[in-house]
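Everything on this sheet refers to the single structure shown next.
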Amino acid sequence: MMKTKTWNQHVVKKENKSLVLRTIRNNSPISRAAIANMTGLNKGTVSSLVSDLLEEQLIYESGPGESSGGRRPVMLLFNQLAGYSIGIDLGVNYLLGVLTDLEGNICLEKQIKFKNMSYEEIVIELFQIIDYLKNNAPASPYGVIGIGIGVPGTVNKSGEILLAPNLGWKNVDLKSLIEEKYSLPVVIENEANAGSYGEKKFGAGKDFNQIIYVSVGIGIGVGLILNGELYRGNNGFSGELGHMTIEINGTKCRCGNEGCWELYASEQALVKSAENMGLPIPAEKEHTLESLIDLANEGNTEAIELFNQIGDYLGVGINNITNIFNPEQVIIGNRMAYAKEWLMEPLMERIRRQTLWFQQQDLEINFSELTTHSTALGIAAFSVENFLLII
Ligand SMILES: [Zn+2]
């Protein structure tokens with residue numbers, strides 16, 4: 001019985017400490033007395049937990065704050081420089097790595113582009129980016145606290161990549177490989193799931209709780225924030241909406257299905273249509289999106305027509321998703337968000353015409369503010385949350 005009691009006390013202390021840390025993080029700068037007020041813990045408990053957190057360098061004290069008349073209290077702040085997190089967006093033709101502090105501020109960034117590389121070759125590039133970020137991280141009490149990687153594919157709850165059709169990967173255990181090499185906690189997550197979390201935490205979704213994040217890059221992935229939290233589904237496979245059928249007898253997709261949404265509304269679809277229409281494609285094919293935006297800005301009617309088509313198809317899929325989830329906000333993110341100006345009108349036209357009228361009430365359709373950084377920031381934030389949980 002004694003043992004049980006001790007264990008319970010240990011758990012309660014840990015939970016209280018987490019609560020105090022969270023309160024400081026969300027309200028810094030804050031005094032000990034204000035923490036006691038907000039949490040309902042008594043002043044002695046708060047004081048002792050704050051001492052622990054100060055010793056662990058997760059918080060620090062600053063000069064006196066606003067006084068309500070009496071002695072000015074010492075204020076406490078979250079030490080966002082106590083450690084750093086590595087977030088990597090592993091795309092179909094690029095790798096983007098960021099090093100962030102514990103509040104998601106980017107300190108270092110590195111990107112490389114590639115074409116048709118094998119899994120083994122991509123892993124070598126990935127190691128190089130991680131090495132660069134890790135070796136150049138500023139000195140801190142905890143150093144790099146974790147590595148997160150967002151991938152364009154289906155990831156199960158234990159971090160195994162089951163299928164990444166646009167990379168040609170099947171059943172890949174990248175997580176164990178990275179964990180063994182770096183001896184750090186590793187999180188692997190679908191890029192759209194990570195991106196939706198990035199938008200909720202740092203981007204356009206900050207003030208919303210029912211968010212559909214549509215990541216439109218080479219393919220399309222969807223991340224669902226439901227009731228304020230990332231919804232992963234039973235096994236982690238939610239949001240494979242790039243592969244919902246929107247054309248019966250449509251084009252064959254690499255996933256095995258036909259008429260998938262991403263074949264009509266993604267960057268891949270844009271480039272393909274541009275080629276078919278005989279529009280000029282830059283020597284560096286991956287810059288086609290940018291060059292088409294330039295053409296549209298110059299008034300090229302074919303380029304504008306092409307964006308109309310893509311925007312319309314985006315609207316078709318978003319209509320379906322909206323009818324299923326009744327969201328507060330839809331965020332269109334990833335590279336296609338750069339074409340906001342040309343996509344918004346045709347997309348909205350489709351929604352206005354087709355989406356059930358009551359679904360359109362209290363519905364915001366926005367483009368991402370973080371664009372290409374949502375995934376890297378979101379996945380870096382996962383590691384931070386995990387790290388702060390085990391403190
Ligand atoms: Zn498909």
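The values are calculated or read from the model by the stated rules, or taken from the named source; none is laboratory data. These numbers come from a predicted model, not from an experiment. Don't worry about glycine lacking a Cβ; one is built from the backbone with ideal geometry, like all the others, and counts go over all protein chains shown.
List of remarks:
- Neighbours by Cβ (under 6 Å, 6+ apart or cross-chain): first from the range 143-172, modelled with pLDDT under 95 and part of a strand (DSSP E or B); second among the charged types (D, E, K, R) and within 16 Å of the ligand (Cβ to nearest atom): LEU163/LYS170
- Listed by position, the helices (runs of 4 or more DSSP H) enclosed by the range 246-328 that each have at least 2 residues that are more than 16 Å from the ligand (Cβ to nearest atom) are 267-276, 288-297, 301-325.
Yes/no matrix, rows are residues, columns are (1) assigned by TED's automatic domain parsing to the domain that holds LEU363; (2) of a type in the set (Gly, Ala, Ser):
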| position | (1), (2) |
| --- | --- |
| ALA137 | no, yes |
| ILE147 | no, no |
| GLY150 | no, yes |
| VAL155 | no, no |
| ASN166 | no, no |
| ILE178 | no, no |
| VAL187 | no, no |
| TYR213 | yes, no |
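- Among the candidates SER383, SER374, SER368, residue that is surrounded by 15 or more Cβ atoms within 10 Å (Cβ to Cβ), out of contact with any helix residue (DSSP H, G or I) (no Cβ under 6 Å at 6 or more places or on another chain) and not aliphatic (A, V, I, L, M): SER383
- All positions within the range 113-137 that are modelled with pLDDT of 95 or more, under 22 Å from the mean Cα position of the chain (by Cα) and not in a helix (DSSP H, G or I): ALA137
- Meets criteria (away from the ligand (no atom under 16 Å from the Cβ), under 17 Å from the mean Cα position of the chain (by Cα) and outside the structural domain of GLU328 (by TED's automatic domain parsing)) for ILE225: no
- Of all residues in the range 214-226, one or more are among the polar types (S, T, N, Q) and within 25 Å of LYS340 (Cα to Cα).
- Remark: ILE310 falls outside the filter, which requires a residue to be assigned by TED's automatic domain parsing to the domain that holds VAL222 and either touching a strand residue (DSSP E or B) at 6+ places or on another chain (Cβ under 8 Å) or closer than 24 Å to ASN209 by Cα (or both).
- Only one of the numbered conditions (1) within 20 Å of the chain's Cα centre (by Cα); (2) within 15 Å of the ligand (Cβ to nearest atom) is not met by ILE211, and that is (2).
- Criterion: over 22 Å from THR154 (Cβ atoms), surrounded by fewer than 19 Cβ atoms within 10 Å (Cβ to Cβ) and touching a Ser or Thr at 6+ places or on another chain (Cβ under 9 Å) - qualifying residue of ASN257, ASN323: ASN323
- Residue check for LYS272: farther than 14 Å from LYS340 by Cβ, touching a helix residue (DSSP H, G or I) at 6+ places or on another chain (Cβ under 8 Å) and surrounded by fewer than 17 Cβ atoms within 10 Å (Cβ to Cβ): no
- Tally, over the range 230-245, of residues that are away from the ligand (no atom under 16 Å from the Cβ) and either surrounded by 20 or more Cβ atoms within 10 Å (Cβ to Cβ) or under 10 Å from ILE220 (Cα atoms) (or both): 1
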